[in-house]
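First comes the structure, then the notes that go with it.
The values are calculated or read from the model by the stated rules, or taken from the named source; none is laboratory data. All of these numbers come straight from a predicted model, not from anything done at the bench. We place every Cβ from the backbone using ideal geometry, glycine too, and count neighbours over all the protein chains shown.
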Amino acid sequence: MPGAARCATPSIALASIRIAVTARHLDFMNESSFMKSRPRVRHCSRHRRCVSTAESPRNRESVSTTSRHGALASPAAATLSLLCSLSASRNQETVMFQHLHIQLNERAVIVRDGQVVRALTPGRYTFFKRYDIYRWSVDEIVFHTLPTVLAALPLEWYETVQLAPGQYGIVHVDERPVKFLRAGIHRIWKVDGNVRLRVFAEAEPLPEITQELREVIPADELLETNIQLDQRAVLLRDGKPERVLEPGHYAFWGSLRSQSKLLTWKLDDLAFWAQPEVLDMLPHTWFQTIQLGALERAVVYRDDKPMKFLRPGIHRVWMLDPNVAIRVFNVVDAAPEMTDELRAIIPAAEVIEAQVRQFEKGLKYVQGRFEGILEPGRHAFWNHPAARITVAVLDTRVQQLKIEGQELMTRDKVTLRLTLTAEYAPADVPTTQHAVADVKDAIYLAVQLAAREFVAGVTLDELLEGRDTLTRYLEAQVQPRAEAFGVRLHRVGVKDVILPGEMKTLLNKVIEAEKAAAANVILRREDAAATRNMAQTAKVIAENPVLMRLKELETMKDIAEKIDEIKLVMGTDGLAKILPLANGKAEA
């Protein structure tokens, strides 16, 4: 059939009729909308598929179906045309359908042409037209949307909360914190009956901070701290003290807007400072206020050990430890005994210490004026603006002074060099300190001048012969001057007299001649004595012949010790005289 080539088969047409009937029962497609958009057959081309268009306002009253030549179609042709029209309408409806699946934890609103149509609960939806979808997950707890869209949502779905400045909110689901809210307007899903909002004022303490709550609250909104046992603190909010903190764990709202911070003190520091407003909040049993005058100093002790030194002024000392005590000193009185612990905390400028050894004397000066002598021992004095103290220590032992290389000229124009020594010791310590700048230089100059004066009035021979005279002269001249310096002069003497080279050679020759003459005198004296001894010996030998013989034998003995043998040549007379002696017999 020619019609079969131009239109769909009857089976397809019947299927299109079933789809159209099913579409009429969709949730959103009511009778009026279906009829309004139902396609109408305009014309059917011989060589193409049937094309259908929606009914326009112009032909809303009636629609006529004509053939290509303008003639009315037969009833069979009209039926076929209707089936083709329904088939084309099916293809168009397939393109325009919109499917939507809303999960159990979702809510949605459909909007078309800027107008809110309706709100959707969980389920599956199919729409004949295209819509804009606004979809939310209720698991996110808080949502934001346009006012027109919000108006379409049922009021039982959500709750609107307005937090004033200085307020915070925490949303709990099943008693677990899940969302943090700052000041402002918030909308919270209430479809779950276990959703609960807890509102906090900025000044209120936070609930116990758990790990879940710590993860919900932003770090810049949470001020969390641990106050140790040796600490105390005050919470400041917007620069004003709000709360005193004892040892423990604390958490506060601490946004950047409120500028919350902590003033923390360590009790081990003992003394502290704070603004009057902060002091008014601290319990008065925690600390003690002490005011020191210009002539007062104080030391804070803990467990009887000095820990802190306080100068004049107002001080506040932590007294939470019952072993803390304060001792006040008057600088007019004597300073305490300086132990190593006190030296560690008292500045060196506050206390003057002086150690005077056994062989020393100390001079104490107050404001530059001499106050007295310090005996051997350790001394300590308060040093303050009204009484600046200094201590000078002098050695009272005997000291040696060497005056060497003094070029001097005698009365007979002989140039020589003298080396002198002096021994002295301070006798009047204040006079020694005050009378002369350097007592050693003063003694040196006095001995030098006295030596020049003496040498200039004597010859070289007189000087060499009278060294003791020089010593006595120096003592007589220097002693009065030393006493004026507060020094006792023990001894002054000449150590060396150094002559020029030529003069030394001449003196050596003179001494050599004197010694040679003396040697000759001694030699002659010894020769005369030896001659007298020889004469006396000869006289004795002459009187005793046997003694002469003994001397001969003694001489032979000495000779025999040096030679192996000795031969004697003598006559019979001599032999007869020797034999009786050899036999040990002597004549009667």
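The figures follow:
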{"quantity": "Some residue of region 175-197 being modelled with pLDDT under 90 and outside any loop (DSSP other than H, G, I, E, B)", "calculated": "no"}
{"quantity": "Matching residues in region 223-275 - criterion: being surrounded by 15 or more Cβ atoms within 10 Å (Cβ to Cβ) and polar (S, T, N, Q)", "calculated": "Thr225, Gln231, Ser255, Ser258, Ser260"}
{"quantity": "Selection count, region 453-483, where residues are outside any loop (DSSP other than H, G, I, E, B) and surrounded by 14 or more Cβ atoms within 10 Å (Cβ to Cβ)", "calculated": "17"}
{"quantity": "Check on Met307, under 30 Å from Arg378 (Cβ atoms), surrounded by 13 or more Cβ atoms within 10 Å (Cβ to Cβ) and outside the structural domain of Thr431 (by TED's automatic domain parsing)", "calculated": "yes"}
{"quantity": "Residue tally, condition modelled with pLDDT of 90 or more and under 27 Å from the mean Cα position of the chain (by Cα), over region 231-284", "calculated": "17"}
{"quantity": "Wholly within region 318-394, strands (runs of 3 or more DSSP E) carrying at least 3 residues that are closer than 30 Å to Val300 by Cβ and over 33 Å from the mean Cα position of the chain (by Cα)", "calculated": "377-382"}
{"quantity": "Selection from region 111-152 of residues that are within 30 Å of Lys179 (Cα to Cα) and either touching a Cys at 6+ places or on another chain (Cβ under 7 Å) or of a type in the set (S, T, N, Q) (or both)", "calculated": "Thr121, Ser137, Thr145, Thr148"}
{"quantity": "Cross-chain or 6+ apart pairs with Cβ under 9 Å, region 433-459 first and within 14 Å of Ala484 (Cβ to Cβ), then of a type in the set (Asp, Glu) and outside any helix (DSSP H, G or I)", "calculated": "Ala435/Asp428"}
{"quantity": "Of all residues in region 346-385 being of a type in the set (Gly, Ala, Ser) and surrounded by 12 or more Cβ atoms within 10 Å (Cβ to Cβ), the one that is nearest to Val328 (Cα to Cα)", "calculated": "Ala380"}
{"quantity": "Test: residue in region 233-251 that is assigned to a strand (DSSP E or B), in contact with a Ser or Thr (Cβ under 9 Å, 6 or more places away or on another chain), outside the structural domain of Leu120 (by TED's automatic domain parsing) and closer than 30 Å to Phe143 by Cβ", "calculated": "yes"}
{"quantity": "Enumeration of residues in region 185-211 that are of a type outside the set (Lys, Arg), surrounded by 12 or more Cβ atoms within 10 Å (Cβ to Cβ) and either over 30 Å from Lys240 (Cα atoms) or more than 41 Å from the chain's Cα centre (by Cα) (or both)", "calculated": "His186, Ile188, Trp189, Val191, Asp192, Val195, Leu197, Val199, Phe200"}
{"quantity": "Every residue from region 102-150 that is more than 60 Å from the chain's Cα centre (by Cα), at pLDDT 90 or above and in a loop (DSSP other than H, G, I, E, B)", "calculated": "Gln103, Leu104, Thr121, Pro122"}
{"quantity": "Hits in region 182-200 (condition: under 21 Å from Leu150 (Cβ atoms) and in contact with a His (Cβ under 9 Å, 6 or more places away or on another chain))", "calculated": "His186, Arg187, Val195, Leu197"}
{"quantity": "Selected residue (criterion: nearest to the chain's Cα centre (by Cα)) from residues of region 151-174 that are among the aliphatic types (A, V, I, L, M) and not in a loop (DSSP other than H, G, I, E, B)", "calculated": "Ile170"}
{"quantity": "So Leu223, is it closer than 26 Å to Phe287 by Cα and touching a residue at least 12 places away in the same chain (Cβ under 8 Å)", "calculated": "no"}
{"quantity": "Residues that are polar (S, T, N, Q) and within 13 Å of Gly377 (Cβ to Cβ), drawn from region 327-360", "calculated": "Gln355, Gln358"}
{"quantity": "Of residues in region 357-394 being in contact with a helix residue (DSSP H, G or I) (Cβ under 7 Å, 6 or more places away or on another chain), hydrophobic (A, V, I, L, M, F, W, C) and touching a residue at least 60 places away in the same chain (Cβ under 8 Å), the one nearest to Glu337 (Cα to Cα)", "calculated": "Leu363"}
{"quantity": "Number of positions in region 183-202 that are touching a residue at least 40 places away in the same chain (Cβ under 8 Å) and out of contact with any Asp or Glu (no Cβ under 6 Å at 6 or more places or on another chain)", "calculated": "8"}
